[in-house]
Amino acid sequence: MKNAKIETLCDARAFALGGRATFTVVSGKTGNRFTYQVCKARPRDGEPEDAPTPWFVKFLRGPDNTSDYQYLGMVRPDGGSFTLTAASKAGEDAPVCRAWSWVWSALSGEHPERFGSIEFWHAGRCGRCNRHLTTPESLARGLGPICAGIA
């Protein structure tokens with residue numbers, strides 16, 4: 001399955017916060033690209049399945065695009081703010097962190113106009129369930145019809 005470009009901010013946000021998203025962003029200005037994984041944390045023991053949990057953000061650091069990811073930080077359960085933590089493997093001045101901050105400012109709605117200056121590519125798998133996407137509509141949004149709630 002080929003990579004697919006997500007064209008809208010709404011679809012990119014839904015994909016990124018789907019729970020199991022892997023995507024690459026490309027700067028329209030510099031051509032630099034970074035690949036990220038954003039995974040929803042599971043509720044702690046005893047918490048309900050729908051309990052608010054953060055998303056963990058990792059970045060691709062090596063050549064193996066299935067296993068060379070390192071922890072960058074987390075998006076708070078409200079889906080608003082991104083935070084570096086003591087476990088972060090890059091500082092706030094690292095290019096991968098500055099790029100993520102730029103992208104997240106668009107996805108979070110703080111600076112939605114910034115989405116127009118990047119390309120947002122996913123790898124042909126649903127951002128929520130990780131199944132292969134097969135229809136043009138699913139590829140365009142990054143979520144299959146069931147996970148997008150339109151089936």
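Annotations for the structure displayed:
- Each Lys and Arg contributes +1 and each Asp and Glu -1, all at the Cβ; summed about the Cα centre of the stretch 4-138, the dipole is approximately 300 debye.
- Residues Cys147, Cys10, sorted so that the one with the fewest Cβ neighbours within 10 Å comes first: Cys10, Cys147
- For the chain: relative contact order, % (alpha-carbon pairs under 8 angstrom, 6 or more apart): 31
- q = 0.17 Å⁻¹, the stretch 1-62: log10 I(q)/I(0) [Debye, one scatterer per Cα]: -0.70
- Distances between every pair of Cα atoms in the stretch 4-138, grouped in 5 Å steps from 0 to the bin holding the largest one, split as 2, 10, 20, 24, 22, 14, 6, 2, 0, 0 percent.
- The chain, helix-only ellipticity at 222 nm - DSSP H runs n ≥ 4, -39,500 (n - 2.57), divided by all residues, nearest 500: -5000 deg cm²/dmol
- Summing +1 for each Lys or Arg and -1 for each Asp or Glu among the other residues whose beta-carbon sits under 13 angstrom from that of Thr8 gives -1.
Values quoted throughout were computed directly from the atomic coordinates according to the rules given, and no laboratory measurement underlies them. Bear in mind the structure is a predicted one, so any value in this text is a computation, not a measurement. Please note: Cβ atoms are built from the backbone with ideal geometry, for glycine as well, and neighbour counts cover all protein chains shown.
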